[in-house]
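Since the structure comes first, as structure tokens, the remarks are kept for the end.
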Amino acid sequence: MRIVLLLAVAGLALQGCASTQKVLSKAPTEVFHSPKSADEVAFCLANKNNTAPMPRDDGSRVVLIKNGYGGVSLAFSVFPEGTGSRIEYRKEFGTIGGIWKQCVGIKEEK
């Protein structure tokens, strides 16, 4: 019984990793440009979604927003661009809310 449970947990962990790579390997859904620095945008995205930005070897920061099951719903790759930043937005699943739009400079419609 213990081995079956361990294998199930290991399978879920591997599935989560594959999901992240799958989303990040997709073409961006949309690309935004911001006058804010990459660090500032990544911090904003992470802070508003209670997660942490992950630094990448290419100098970018990745912020993943996961659903209640641990699957990646949205992924943001934030790259330095001049004095501002370029944000690549990838959508895998729909999520409720759009607080992230404040971080990339999209004005909410009223």
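Here, each number is a calculation from the coordinates, and none is a lab measurement. Quick caveat, the model's predicted, so the values are computed rather than measured. In this analysis, Cβ positions are derived from the backbone assuming ideal geometry, glycine residues included, and neighbour counts consider all displayed protein chains.
Dipole of the stretch 34-110, Cα-centred, from +1 at each Lys and Arg C-beta and -1 at each Asp and Glu C-beta, to the nearest 20 debye?
Values: 11 positive and 9 negative charges, 49 e Å.
The dipole of the stretch 34-110 has a size of about 240 debye.
Want the number for LYS48 to PHE93: 0.36 nm per residue separation, take away the alpha-carbon distance, what's left? Each step should come with its number before you reach the end.
On the way: separation 45, 0.36 × 45 = 16.20 nm, distance 1.85 nm.
Contour length minus Cα-Cα distance gives 14.4 nm.
Per residue of the stretch 50-57, in order, report the coupling 6.51 cos²θ - 1.76 cosθ + 1.60 (Karplus, θ = phi - 60°) as ³J(HN,Hα) in whole Hz, putting x for Gly and Pro.
3J(HN,Hα) across the stretch 50-57, in whole Hz: 6, 9, 10, x, 9, x, 10, 4.
Applying the Karplus parametrisation 6.51 cos²θ - 1.76 cosθ + 1.60 with θ = phi - 60° to the phi angles of the stretch 77-91, what ³J(HN,Hα) value in whole Hz is obtained for each residue in order, glycine and proline being reported as x?
Going residue by residue, I get 10, 10, 10, x, 8, x, 8, x, 8, 10, 10, 9, 9, 10, 10 Hz, with x marking Gly and Pro.
Please rank ARG90, ARG56, fewest neighbouring Cβ atoms within 10 Å first, as an exposure proxy.
ARG56, ARG90
Report, by chain and number, residues whose modeled amide H sits under 5 Å from the one on SER85, excluding near sequence neighbours (fewer than 5 apart, same chain).
Under 5 Å from the amide H of SER85: SER34, LYS36.
Return the sequence-ordered ³J(HN,Hα) values of the stretch 30-41 in whole Hz as given by the Karplus equation 6.51 cos²θ - 1.76 cosθ + 1.60 applied to θ = phi - 60°, using x for Gly and Pro.
7, 10, 10, 10, 10, x, 6, 5, 4, 5, 5, 5
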